[in-house]
Structures are given as structure tokens and as C-alpha cells.
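Read through the structure below, which is laid out as C-alpha cells, and then see the notes.
The values are calculated or read from the model by the stated rules, or taken from the named source; none is laboratory data. For clarity, every value in this text was computed on a predicted model and none was experimentally measured. Backbone-built Cβ (ideal geometry, glycine too); neighbour counts: all protein chains shown.
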Amino acid sequence: MIQSGKIVQTMFLLTTIATYYYLSWLNKEKGFVPKIRKIAALDAMEEAVGRAAEMGRPVHVSPGTPGAAESIEAQTIAGLAVTSHVSRLCARNGVPVIATASRPELLPVLQEIVKEAYKAEGVGEAYNDENVRFLSDNSNAYAGGVQGIVEREECAANIIVGKLYGTANVLFGRATVAGKTIQIGGTAYYLVVPHLVVTCDYVLMGEEVFVAEAYLNQDPKQLITVFAQDIFKIISLGLLIIGLLTYSMGSNLVIDFLNT
Amino acid sequence: MSNNKENWLLRLVHLDHRYYYLVLIILLVAPIIRPIGLPILVSDPTRDFYNYVNNNIQENDKILIWGGMSVGFWPTEYKPGVIAAVQHFFDKGAKIYWISGTTEDPVIYDQYVIPEIEKGSADYGINYVNLGYYSGGEMAMSAFAKDISSVVEQDYYGTPIDQLPMMGEVSDANDFEFIIHITGSPPEWLLRQYNSAYGKDCGFISISGMMGIYLPYYASEQMIGFINGLRGGAEYETLTGNPGIGLASTDTVSTGHIFFSVLILLTNVLYFIDRRINKQ
Amino acid sequence: MISRDIGLWIQALLILMYFSQLYKDNLLYRFSEYTLIGIAVGHGVLLAYQNVVSMVYIPLTVRGEYMLLIPIILGLLIWTRFIPKYSWISRIPMSLIMGLSTAIAVRGAIKTQIYEQIIATIRLAVIEPSTLGTFNNIIIIITTICTLSYFLFLREQKGSLGISANIGRLTMMAMYGNTFAWFYMSRVASLLAQMQLILIQLLGLG
Amino acid sequence: MSNVLRVKLPLMIISIILVVIFTEYFLILPSSISNFVSELQQWIVILAAFAIVLGAFNLVKIHLPKISKSKEISDKFLNAWLIAIMTITIVIGLIYGTTSSQYTFIFTNLLSPVSTAVWSIMAFYFCGAVLRTFRARNLESTVLIISTFLVASGNAPAITAFIPWYENLKTWIMNVPNVSAMRGMIIATGIGVLFTGVKMLLQVERRSTVGAGE
């Protein structure tokens with residue numbers, strides 16, 4: 001029935017489908033919602049906004065620098081979830097939030113998110129439109145604009161999570177020299193992560209960006225995906241460790257198993 | 001460290017970056033005009049690629065090349081490796097089936113690769129062919145691997161494939177000896193559609209930036225080897241023994257990399273001096 | 001001696017126009033950038049058109065396979081994306097593309113990205129002739145497990161998971177440094193090519 | 001009715017294609033099904049070609065209004081030039097063909113220099129980034145900077161030609177920490193790709209098709 005050499009692969013695929021289906025059934029019927037561990041960068045955001053409240057300085061937040069057709073791309077949507085979270089924290093602590101957009105079509109989305117955040121915290125009237133700005137759709141000009149805002153308005157925190165490219169080191173560059181701004185950055189593109197590691201205090205790398213989104217939205221579908229993926233990472237680790245033990249004792253048990 | 005020495009160093013780093021850009025240009029000019037040609041160590045992936053072609057490819061063996069080049073990377077990232085490798089294929093008398101996965105690739109093959117190669121007795125339609133561009137990326141690869149006639153009807157110049165003798169000899173992926181992907185993106189596409197699906201021997205010609213991603217797939221022997229950008233091309237030229245643009249360029253890359261490394265040292269030494277001053 | 005080839009002069013001119021952004025953003029730089037964008041998209045459309053013609057012309061006209069009219073019509077439906085009222089129609093053909101591209105990626109990912117990497121790490125559990133080789137194998141085995149454990153999100157990173165996650169994170173830092181250096185090689189090689197074009201081919205200094 | 005067509009149908013199509021491709025790849029089936037899948041794949045390669053033209057539509061949709069709307073003359077000219085050069089490329093390609101000398105002139109002398117300049121200018125920005133931000137502030141950035149330094153200086157033949165053992169540091173970083181870190185991420189990404197497919201199969205993933213034409 002199944003082609004030789006692909007039996008275990010088929011079983012692996014069927015178990016992923018079955019696991020996900022079972023978990024979403026558990027969620028619908030039994031209200032099971034997986035719990036994700038604390039993510040350092042997200043806790044740091046609360047700490048940063050608290051500090052901003054003490055110092056009375058604003059906080060800058062942005063969903064990254066997506067390209068023309070990438071405004072609806074996964075990383076930008078994760079960045080918008082982080083923007084919404086930071087806006088709510090700022091509204092709760094009475095800290096002015098400056099949200100900047102690097103694409104014209106992102107501006108109305110950002111205005112909506114920040115307004116909703118203020119309303120959800122019951123301070124709807126404190127929201128003003130100047131704090132949500134579209135700087136430029138040229139990424140170098142946008143990065144220069146953000147740098148200017150962080151310096152001129154002496155922001156206590158600079159939080160940018162989303163699609164980032166080579167200009168990431170300019171977005172976070174100046175503040176490291178001054179050193180009094182908490183910087184939190186996140187992107188999935190592995191080439192840009194080095195720029196964030198050397199400039200930011202907390203970094204969301206690769207998959208963490210999407211897990212942070214699930215953590216913030218508490219959306220059951222995303223939480224179940226994280227839970228199911230964790231199960232299969234543990235299965236892979238199990239296969240690896242069993243394979244190492246048996247192989248060091250001379251038997252190809254796991255290797256032959258995976259290749260059947 | 002007396003005070004004026006520190007602010008001299010401090011001023012050095014906070015100097016307008018455009019002066020550093022000028023220094024980089026000057027550092028590259030000298031070796032370009034007078035290349036020294038220093039020896040370089042041949043790395044394992046390039047050596048394995050060369051040994052595979054040298055030992056396994058015989059007369060009239062069929063090599064499938066999925067070209068995914070963009071013209072931006074052609075001058076130094078692809079040119080040394082591609083010219084050296086394709087010349088080696090022609091010397092071994094292999095049949096080259098070249099199909100393109102990016103829009104710029106057929107023009108590069110037609111205008112930049114074929115004219116540069118000594119083809120000897122090989123001629124078009126019998127020993128090498130240009131099948132043109134097919135969209136869909138991995139989808140085109142998997143469709144072509146499953147059944148060539150379902151995808152390819154005519155070549156890049158418009159001649160129907162039944163007028164090309166060499167196209168009659170292949171029907172799907174199993175008819176090829178060695179499959180190569182020339183690309184700036186990760187290797188998963190070709191490995192998923194040819195190595196995992198058909199168990200074919202895969203080789204890559206990639207750009208320098210992709211070295212980190214290709215190494216685990218090379219270490220797991222899913223690919224035979226890969227020629228990595230300018231550095232890989234220069235190594236392949238030393239192996240095939242006809243030095244070209246690759247070798248001439250590697251020592252100019254030296255000054256660029258020494259400059260980069262000195263910058264890293266400079267900015268960190270300054271950082272520690274700053275920290276020590278603030279501590280006092 | 002300085003070359004007379006008009007093509008080389010145009011290339012050098014466009015390169016210098018693009019590099020003028022290093023000094024400051026100006027009209028010449030944006031002219032060269034817009035030239036690139038325009039030609040690249042035009043070339044893409046041209047090759048896409050040739051691809052459709054080459055796949056469809058002979059079967060339709062010579063062999064009369066009229067079934068191929070279906071993908072052509074579906075393809076034209078993709079273009080409804082820019083008609084505001086009917087743009088939802090484009091979702092039907094796009095879902096065909098989305099479905100197939102995901103399907104062939106998923107079916108291959110199991111072996112290529114999961115099994116083969118596990119098998120390759122298992123094969124390292126062997127005593128190499130050279131002690132350095134064995135030492136490296138042990139390091140690779142441990143750090144692969146640690147890096148994978150870093151991406152576990154359901155248990156707090158404390159105790160043994162905390163240690164292995166930190167080792168995994170530091171290993172990733174070494175990987176990011178290596179990747180960053182190789183991307184610099186890529187950029188310097190391109191800069192080198194452009195300077196060679198201007199200095200040697202154009203000005204004949206070489 | 002329109003909700004079924006707008007949202008349900010695309011998700012249904014995706015699930016069907018996933019099931020068909022998986023069964024054809026994993027199970028032993030009569031060749032008629034395998035021929036049908038080849039036919040389906042051929043069709044979708046043709047579809048993908050039509051999708052590329054969207055890029056041109058998008059470009060015209062963004063830049064055409066700018067010609068009339070923008071105030072400065074330079075903006076008007078630039079946007080007009082963008083659309084003009086795109087049309088010229090297409091027209092010359094259609095009339096003379098992409099193998100003609102006219103077309104090669106455009107390809108070699110207008111497209112390739114700026115395409116390479118996009119990458120070569122990054123060499124300067126890399127140096128600027130290193131100068132401004134590459135400081136060993138904590139353990140993680142220290143490991144990253146040491147690794148970058150060893151690999152970059154290991155790539156300079158001027159150093160490795162005179163200090164033979166030096167390149168071994170670079171090869172060690174490439175073959176040990178780089179391979180194991182990448183392996184961990186490849187397995188994690190592989191599982192991620194797997195679950196993207198699973199979510200589409202169970203029609204959980206709403207966002208992937210909603211984006212188009214919303």
C-alpha cells in the first residue's frame with residue numbers, strides 16, 4: 001500500500017495530522033488551552049514601560065520594515081500583535097507611545113491598533129493621532145526617522161519586532177551609544193539577527209517571533225500549533241537520543257527505522 | 001593612557017563613516033591593479049564536487065542543471081564557479097541539460113556562459129541545450145522531475161524538443177547522472193524534489209552568504225558538494241588548473257576582509273576604553 | 001588605454017549614480033534605482049509570457065490539446081486581483097498555487113529537513129581515528145540537542161532545560177557570526193567586481 | 001452563497017490538492033492517478049507564470065497615480081521613467097526577442113550594473129554597522145563578534161597564506177558550532193513547515209488566503 005522507504009514518513013505525517021486534530025478537539029470540547037513559558041523579551045517590555053513611566057519618557061514601537069507586498073506577511077502580523085501589547089501597557093501606565101509605520105498602508109492599521117489599546121484600558125480619550133506617524137517608505141529614510149525620534153524625544157524604550165532588513169542596525173544604532181534606552185528587537189530572517197544581538201538588550205530570534213505572537217494573542221489555534229510542534233520536537237529529540245545510544249553500541253536500529 | 005590619546009581614538013570611531021568608505025575603496029584599488037595571486041586552501045565541499053565530476057562523470061553522461069542565478073550576483077559570485085564547473089563538464093564530454101528557475105537565468109546562460117566555454121566538438125541540441133525559464137520554483141522542479149515532456153515543449157530559442165536529439169534520451173529525473181542547482185537561496189528545493197524523492201546525487205553552486213546553510217546538508221551527505229561563491233570558484237580553478245577571475249580576485253578580497261576585521265578590533269578596543277573611563 | 005565601448009560607459013555611469021546615495025540621497029541615485037526596478041519587472045513579465053507560450057503553443061496548435069485552455073483561463077482570473085469588486089475571484093487560482101507549493105514542500109520536508117539531519121547526527125556517535133575528530137563529534141551532538149531544546153516553549157527554561165537552552169543560544173551566536181562574515185564576503189566580492197569593471201575594463205589601469 | 005465562494009472554496013481547494021499530492025507521493029497507486037498529478041502540476045506551473053505579471057500590475061498601480069499626484073517635477077519624471085523603461089523592455093523583448101543584440105544591450109548595460117550595485121553597496125553599510133554597533137556588551141554579542149572576527153580574518157588569504165594554522169579556527173567554527181546550530185534550526189523549521197501543511201489540510205489556517213483580494 002505504502003511505497004517502500006516512505007512508510008515511517010507516512011506514519012509521521014499522519015500522526016502530526018492526528019495530534020493537531022485531537023488537540024483542537026480537546027480545546028473545543030474540554031476547553032484545554034496550552035500554557036507557553038515566559039519569554040524574556042516580552043517580560044522586558046513590561047519592565048521597560050514601567051521604567052518609562054518613572055522617567056516620564058515616551059516609548060517607540062514599530063512592526064518593522066516590510067517590503068511593498070509584504071504588509072500582510074506573517075512577521076508583520078506578529079509585529080502588529082507586539083505593537084498592540086506595548087500600546088496597552090503604555091495606556092495602562094500613562095506613558096505616551098509613539099508608533100511609526102514604514103509603509104503607507106500600515107498607518108491606518110497602526111492607528112486602529114493604538115486606539116483600540118487605549119480604549120481597552122479605559123483611557124480612550126488619552127489617545128491622540130500625532131503619536132502614530134508614517135515616516136517614509138524608503139527604508140533608509142525610515143530608519144533615520146526612527147533614530148531621530150528615539151534621540152530627540154529621548155524614548156525610554158525602542159521596541160521593533162517584525163520583518164527587518166539591513167537597516168536594522170540603523171534602527172537600533174544610535175541608542176546603544178547613548179545607552180539609556182532599553183531596546184527590544186525581533187525578526188525571523190537569520191541574516192538580520194546579528195544586527196539585533198549587538199544592539200538590543202532583548203532579542204526575539206527566528207521562531208520566537210511567532211511564539212511571542214501566540215503568547216500575546218492567547219489565540220487557541222496558535223497555542224495548539226506551538227504545543228503540537230513542541231511535541232514533535234520532543235519526538236525528534238527522543239529519536240536522536242535513542243539513535244545515539246543504539247548506534248554507539250553498533251546497531252543501526254533508528255537509522256533503518258527512519259529509512260523504512 | 002593619557003587623556004588626549006583616548007579622545008584621539010574616540011574621535012577616530014565617531015568620525016563620519018564616509019571617510020571609512022573611502023579607506024575601503026582605496027584598500028581595494030591597489031590589489032585590483034596589481035593582483036599578487038596568493039595560494040588558497042581548497043575546502044572539502046569544493047574538492048568533493050571536483051572529485052565526483054572527475055571520477056564519476058564519463059562520456060555522454062547526462063547532467064541536469066537547474067539555473068537559479070540573478071544577474072546581480074553573476075560577476076563575482078557565480079561566474080568563477082559556473083565557468084570552471086561547466087568547462088569541466090564539457091571537458092568530460094557530458095551532456096548538459098540547462099533549465100532555468102529564475103527569469104534572468106536563461107539570458108545569463110545564453111549570453112555569458114556559452115560564449116565563454118571552449119565547447120570542442122560539442123554542439124547545440126546534441127551535447128548541450130538551453131530549455132529556458134519555467135515559473136513556479138519548486139513546483140517546476142517537481143513537475144520536471146516527474147515527467148519532462150509534461151513541462152518542456154520547446155527550448156529557449158523556440159525549436160520544438162523533438163528536433164533536439166538529446167531531449168529524446170531523457171523522460172524523467174532518473175535518466176540524469178548528476179543534478180546541480182545554481183542558486184542564491186537555500187538548498188531545500190532541489191534536495192526535497194530530487195535527493196529525497198528520487199535519491200539522485202545533487203551538487204550546488206551557491207553564493208558566499210549561503211555557506212552557513214549549506215554546510216549541515218553537506219555534512220549529512222545529502223549533497224555531493226557545493227562550490228561557494230567567489231571563494232569556491234577560485235578553489236575550483238586551482239583544482240582544474242586554469243586560473244581565471246576567481247583566483248585573481250581572492251587576494252583583493254584579503255584587504256577588504258583585513259579592513260573589516262580591524263574595524264571590529266577598533267570599535268571593541270574603544271568600547272573597553274570608554275567603559276574604563278566611565279568606571280573611574 | 002581607456003575603452004571606447006559605449007556599453008561600459010553606461011554601466012559605469014549607472015554604478016556611480018547608484019553609489020551617490022553614500023554621499024546623500026539624490027535624484028541620480030533614485031533614477032538608477034527606478035531603472036533597475038522597471039527593467040527587472042519588465043524582464044520578468046517577458047519571460048513569464050515566453051514560459052506560457054512555450055508550454056502551451058505547440059500542444060494547442062499542433063496537437064489540439066484544448067484542455068490546456070483551463071489553466072490559461074484560471075491564469076487570467078488571477079489578474080482580477082486588481083479589479084476591486086471582483087478581486088476575490090483571484091483567490092481560486094491562487095489557492096491552487098498555494099496548495100501545490102505547500103504540498104510538495106511538506107512531503108519532502110519530513111525526510112530532507114527532519115530525518116536526514118537526525119540520521120546525520122546519530123552517525124557522529126563513533127570514535128574517530130583523530131582525537132580532535134571525536135571531540136568535534138561530541139561537541140556537535142551536544143550542541144545540536146541543546147539548540148533544538150532552545151526551541152521548546154512549553155516548559156520554563158530552568159534547571160537542565162535552562163542550561164541546555166543557554167548552550168543552544170550561545171551556539172547559535174557562533175552560527176550567526178559565521179553567517180554574518182560570509183555575507184560580508186558576498187558583498188565585498190560584488191564591490192570588487194564593480195571596481196574591476198571601472199578600473200580595468202573601462203580605464204585600462206590593470 | 002457568496003461566503004462559501006469567497007472563503008470556503010479556496011480553503012477546500014487547498015485541502016483537496018494537499019490530499020491528492022500526499023497520496024500520490026506516499027502510496028502505490030495506478031499510473032493513471034500519477035499522470036493526472038503530472039497534468040495538475042503542469043497546469044499550476046502555467047498559473048504561476050500569470051502570477052508573475054501581478055508584479056507589473058502592482059508597479060503600475062503604485063507609480064502611475066504618482067505621476068499626476070506628486071508635486072515636484074523630479075518625482076513626476078522618475079515615476080514616468082519607471083513605467084516607460086518597463087514598457088520599452090517588454091516591447092523590445094517582444095519585437096526582437098530576448099536573444100537579440102538590442103535586448104542584450106539593455107540586459108547587460110542597464111539591468112546588470114545596478115543589480116550588482118544593490119549588493120556591493122552593502123559592503124559599505126556592513127562596515128558602518130560594525131563600526132557603530134559591533135561592541136561586546138554581553139556574553140552573547142561577545143561570542144558573535146569573536147566568531148565573525150575569526151571567520152572574516154580567516155577568509156583573507158593574505159593572513160592564512162602566512163599563518164597556516166589560522167584558517168583551522170575558521171573551519172572549526174564553520175564545521176562544528178555552525179553545523180549543530182543550523183541542524184537544530186533546520187529540524188525546528190522542518191516541523192514548522194509540516195504544521196503549515198497540517199493547518200491548511202484541516203482548514204485552520206484562515207490568514208493564508210484571506211490576504212489576497214481582501
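Assess whether A:Tyr118 counts as being modelled with pLDDT under 85, aromatic (Phe, Trp, Tyr) and closer than 21 Å to A:Ala81 by Cα.
Criteria not met by A:Tyr118.
Given segment C:1-82, what helices (runs of 4 or more DSSP H) lie entirely inside it while holding 3 or more residues that are within 16 Å of D:Tyr103 (Cα to Cα) and free of Cβ contacts under 8 Å to residues at least 12 places away in the same chain?
Result: C:6-19, C:27-61.
Which one of these is within 30 Å of C:Gln11 (Cβ to Cβ) and at the interface with another protein chain (Cβ under 7 Å from one of its Cβ atoms): D:Val204, D:Val114?
Only one candidate qualifies: D:Val114.
Against the definition (in the same structural domain as D:Leu82 (by TED's automatic domain parsing), within 27 Å of the chain's Cα centre (by Cα) and within 20 Å of C:Arg81 (Cβ to Cβ)), how does D:Ile16 come out, yes or no?
No.
I need the strands (runs of 3 or more DSSP E) fully contained in segment A:132-209, keeping only those with at least 1 residues that are closer than 30 Å to B:Ser185 by Cα. Outline the logic, then answer.
Details: elements: A:132-134, A:157-163, A:182-187, A:202-205.
Passing ranges, in order: A:157-163, A:182-187, A:202-205.
Quick check on A:Ala81: is it surrounded by 17 or more Cβ atoms within 10 Å (Cβ to Cβ), modelled with pLDDT of 90 or more, in contact with a helix residue (DSSP H, G or I) (Cβ under 7 Å, 6 or more places away or on another chain) and among the small types (Gly, Ala, Ser)?
It is true that A:Ala81 is surrounded by 17 or more Cβ atoms within 10 Å (Cβ to Cβ), modelled with pLDDT of 90 or more, in contact with a helix residue (DSSP H, G or I) (Cβ under 7 Å, 6 or more places away or on another chain) and among the small types (Gly, Ala, Ser).
Among the residues of segment A:211-260, how many are part of a helix (DSSP H, G or I) and polar (S, T, N, Q)?
Selection size over segment A:211-260: 8.
Do the conditions hold for A:Asn158, that is, is it touching a residue at least 24 places away in the same chain (Cβ under 8 Å), surrounded by fewer than 22 Cβ atoms within 10 Å (Cβ to Cβ) and of a type in the set (S, T, N, Q)?
Working: touching a residue at least 24 places away in the same chain (Cβ under 8 Å): yes; surrounded by fewer than 22 Cβ atoms within 10 Å (Cβ to Cβ): no; of a type in the set (S, T, N, Q): yes.
Criteria not met by A:Asn158.
In segment D:1-11, what count of residues is obtained for those that are exposed (fewer than 14 other Cβ atoms within 10 Å of the Cβ) and either part of a helix (DSSP H, G or I) or in contact with a Cys (Cβ under 8 Å, 6 or more places away or on another chain) (or both)? If you could, list the steps in order and put the result at the bottom.
Applying the first criterion (exposed (fewer than 14 other Cβ atoms within 10 Å of the Cβ)) to segment D:1-11 yields D:1-5, D:8.
In the following step, the residues that additionally are either part of a helix (DSSP H, G or I) or in contact with a Cys (Cβ under 8 Å, 6 or more places away or on another chain) (or both) were identified as D:2-5, D:8.
The qualifying residues number 5.
Is it fair to say D:Ile28 is closer than 30 Å to B:Glu138 by Cβ, facing another protein chain (nearest Cβ under 9 Å) and of a type in the set (Val, Ile, Thr)?
yes
Check C:Ile114 against each of (1) more than 9 Å from chain B (Cβ to nearest Cβ); (2) under 30 Å from B:Leu28 (Cα atoms); (3) buried (at least 24 other Cβ atoms within 10 Å of the Cβ) and name the one condition it does not meet.
(2)
Could you grab me the full set of residues in segment B:102-153 that are facing chain D (nearest Cβ under 7 Å) and either of a type in the set (Lys, Arg) or on the phi > 0 side of the Ramachandran plot (or both)?
Matches in segment B:102-153: B:Gly136, B:Lys146.
Here is a yes/no grid of residues against (1) within 30 Å of D:Arg132 (Cα to Cα); (2) free of Cβ contacts under 8 Å to residues at least 40 places away in the same chain; (3) not assigned by TED's automatic domain parsing to the domain that holds B:Asn60:
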| position | (1), (2), (3) |
| --- | --- |
| B:Asp172 | no, yes, no |
| B:Trp189 | no, no, no |
| B:Gly212 | yes, yes, no |
| B:Ala234 | no, no, no |
| B:Glu237 | no, no, no |
| B:Phe260 | yes, yes, yes |
| B:Asp274 | yes, no, yes |
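Under the condition of being of a type in the set (Ser, Thr, Tyr) and either in a helix (DSSP H, G or I) or touching a residue at least 24 places away in the same chain (Cβ under 8 Å) (or both), which residue from segment D:30-78 is nearest to B:Val151 (Cα to Cα)?
D:Ser38
Residues that are farther than 24 Å from B:Asp147 by Cβ, over 23 Å from the mean Cα position of the chain (by Cα), more than 8 Å from every other protein chain (Cβ to nearest Cβ) and not β-branched (Val, Ile, Thr): does segment C:66-81 have at least one?
Yes.
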